[in-house]
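Colleague: Take a look at this one; I'll ask things after.
The values are calculated or read from the model by the stated rules, or taken from the named source; none is laboratory data. Computed from a predicted structure; not experimentally measured. Glycine also receives a Cβ, built like all others from the backbone with ideal geometry; neighbour counts cover every protein chain displayed.
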Amino acid sequence: MLNRPCPSLRRIVDDLGSTVLHVVAAPPGDLRAGITGVHIYDPLDELLVTPGTLLLAVGVEGGERIRALMRAAAPAAALIVKQPVEPDEPMRQTAAETGVAVLGLARAASWAQIAAMLRSLLSEGDFGDPEDGLPGDLFVLANAICALLDAPVTIEDRDSRILAHSGRQEEADPSRVATVLARQVPDHIRRIVRERGILQQLDRSREPVFVRLEEGDIRRTAIAVRSGDEILGSIWVAAPDPLDAQRASALTDAAKIVALQLLRERAGADTRRRLRADLLSTVLEGGPGAPGAAARLGMADGAPGGVCVLAAQLADDTAVHTDADRERFCDALALHVSAIHPRSSAAVVGTVAYAVLPMPQGRADHEGSERRAVEVARKFLSRTGVRYAARIGVGRPAATLAQVARSRADADRALRVLTSHQEPHTAAGYTELHIESLLLQLGDLATVQEHQPVGAYRHLLAYDSEHGSDLVATLSSYLDALGDVPAASARMHVHPNTFRYRLKRVVEVSGLDLDDPQERLGVMLQIRLFGASAAAGAPAPKRAGGPPSP
């Protein structure tokens, strides 16, 4: 595997262009710092940054607050703040002292958009071998095509989402600027493209197509990016007139290179996803390979706050889910937890998406850490909505890598309990579900060892099976109501006197002593394990769904 240098801050600013970012204040060195990751600033959490971090300063404005965050954020590479922000001498001096640059983000751009663009730029450099002569990523390609055609360029996917764009977008019309800031072609332009059959034209043609939009005010030359018969996306050139033969030929050749890059990115994404899943699976299982795998994932052993494992699974009753659905769900979970802590990691293992979430430093309270992880999980579920209805179990915090396997087992058991509840959009911690989890483990043991109902409970099951009575249900209601006959009879919708008679028959048939707490506990456990309607002779313990218990 090749070790490539991190992209510099200067390259990122150049690739995104002044339409999105501009330099407000910079330390000496012409923005040469290498960028290693993106982190979203949260004033409620302890600030955790590493060298080369880009810190998105959400809600931070005013020179004094920005300078204070610059000092607190060192050794980050840069802060990104929303415009307008005026550079002044104290800010430039603070940048020189701390080595932290300040970049201004266009007011119309959202924080989610800039986070996605930055992560795209950082990830695209992970594949693509410079020895084969191809540019390293789509943004470099877009800028190269822009220089070749002398016009701003965007590269889009099949859904008109912006994959990359060149510089000089401010030279184009306002619609193009809005497209770049939103990373999506505006709805009214997409409607015109659809109604006029422009996408069909691109699909049929292997040459550039010149189009006029909005009564000729917006003009573009576009070409489909294809691999064989598969359309991967398109390139759009903001030029007022049709390209001449030489530039049209150059655009056709460029489309082939973009197609190759898109295919390589697809393959690279699949490879990275499989590698991440293998590494995270090794960490979750523990053993001698866990420290090396954790190091490759950027996880530190013995973090002061520990880590919590989250086990998330799409609810079975929402739809039949494909592997692609699970990958998209996991990608969303990974983005959510990485925004909270830059050293988080997530991957799909089987049908379950696991995330390892480090806790902030100084949080040695394990119950508090588990509650916070549950809050993170619930907030994620609230954002994904019903499309990704899921259940998330959270394990107890692990202080060291050696305890991560236990936290994973906790999360799996909590997930199984939630699955047995049949509630499609819930999250809970192991501590909250501890007793139910223990009952599931006891049920697993009873299944493996082929245990069957015994004693008074077995007699009641046999009697109900032979006579069609409901003595087991009567006993279960009585025990659940803690001996309150009126409440228990109401649950069964019978008169209290009728219930008392049935309860008397329970004692006569089974020989159960309801005044003996040991006998009550024994029969209650059997009802929980085998169910109130288990067939006499060959019952099976109740098993919940979800991942198998380790």
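Rundown of residues vs (1) touching a Cys at 6+ places or on another chain (Cβ under 6 Å); (2) at pLDDT 85 or above; (3) surrounded by fewer than 24 Cβ atoms within 10 Å (Cβ to Cβ); (4) assigned by TED's automatic domain parsing to the domain that holds VAL307, yes/no style:
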{"position": "ARG406", "(1), (2), (3), (4)": "no, yes, yes, yes"}
{"position": "ALA409", "(1), (2), (3), (4)": "no, yes, yes, yes"}
{"position": "THR419", "(1), (2), (3), (4)": "no, yes, yes, yes"}
{"position": "PRO424", "(1), (2), (3), (4)": "no, no, yes, yes"}
{"position": "ALA427", "(1), (2), (3), (4)": "no, yes, no, yes"}
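Colleague: Shifting gears a bit: Restricting the search to the range 13-38, which residues are under 26 Å from the mean Cα position of the chain (by Cα), buried (at least 22 other Cβ atoms within 10 Å of the Cβ) and not in a loop (DSSP other than H, G, I, E, B)?
Modeller: Answer for the range 13-38, where residues must be under 26 Å from the mean Cα position of the chain (by Cα), buried (at least 22 other Cβ atoms within 10 Å of the Cβ) and not in a loop (DSSP other than H, G, I, E, B): just LEU16.
Colleague: Conditions first: (1) at pLDDT below 80; (2) surrounded by 17 or more Cβ atoms within 10 Å (Cβ to Cβ); (3) under 16 Å from the mean Cα position of the chain (by Cα). MET359 passes all but one, so which condition is the exception?
Modeller: (3)
Okay, residues lined up against (1) within 23 Å of ARG32 (Cβ to Cβ); (2) over 31 Å from the mean Cα position of the chain (by Cα); (3) at pLDDT 85 or above:
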site	(1), (2), (3)
LEU103	yes, no, yes
SER120	yes, no, no
ASP137	yes, no, no
GLU156	no, no, yes
GLY167	yes, no, no
ARG183	no, no, no
GLU195	no, yes, no
ARG204	no, yes, yes
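Colleague: Pairs needed: first member in the range 506-522, in contact (Cβ under 8 Å) with a residue 12 or more places away in the chain; second member anywhere, aliphatic (A, V, I, L, M) and part of a loop (DSSP other than H, G, I, E, B); C-beta distance under 7 Å; at least 6 residues apart or different chains.
Modeller: What qualifies is VAL506/LEU512; GLU519/LEU512; ARG520/LEU514.
Colleague: What are the residues in the range 64-101 that are under 16 Å from GLY52 (Cβ atoms), touching a helix residue (DSSP H, G or I) at 6+ places or on another chain (Cβ under 9 Å) and either of a type in the set (Ser, Thr, Tyr) or not in a helix (DSSP H, G or I) (or both), if any?
Modeller: ALA74, PRO75, ALA76, ALA77, ALA78, LEU79, ILE80, THR98, VAL100, ALA101 - these are the residues of the range 64-101 that are under 16 Å from GLY52 (Cβ atoms), touching a helix residue (DSSP H, G or I) at 6+ places or on another chain (Cβ under 9 Å) and either of a type in the set (Ser, Thr, Tyr) or not in a helix (DSSP H, G or I) (or both).
Colleague: Checking LEU503 against (1) surrounded by 15 or more Cβ atoms within 10 Å (Cβ to Cβ); (2) within 50 Å of the chain's Cα centre (by Cα); (3) at pLDDT 85 or above: exactly one of these is not met. Which one?
Modeller: LEU503 satisfies every listed condition except (2).
Colleague: Go through the range 218-248 and count every residue that is under 24 Å from ALA147 (Cα atoms) and assigned to a loop (DSSP other than H, G, I, E, B).
Modeller: Of the residues in the range 218-248, the ones under 24 Å from ALA147 (Cα atoms) are 218-226, 232-248.
Pick out the ones that are also assigned to a loop (DSSP other than H, G, I, E, B) and you get 238-244.
Final tally of qualifying residues: 7.
Colleague: Additional query: Pull up the range 147-184, narrow it to residues that are touching a residue at least 24 places away in the same chain (Cβ under 8 Å), among the β-branched types (Val, Ile, Thr) and under 23 Å from SER227 (Cα atoms), then point me to the one that is surrounded by the most Cβ atoms within 10 Å (Cβ to Cβ).
Modeller: VAL153
Colleague: When you check ARG528 against the structure, is it of a type in the set (Lys, Arg) and at pLDDT 85 or above, yes or no?
Modeller: no
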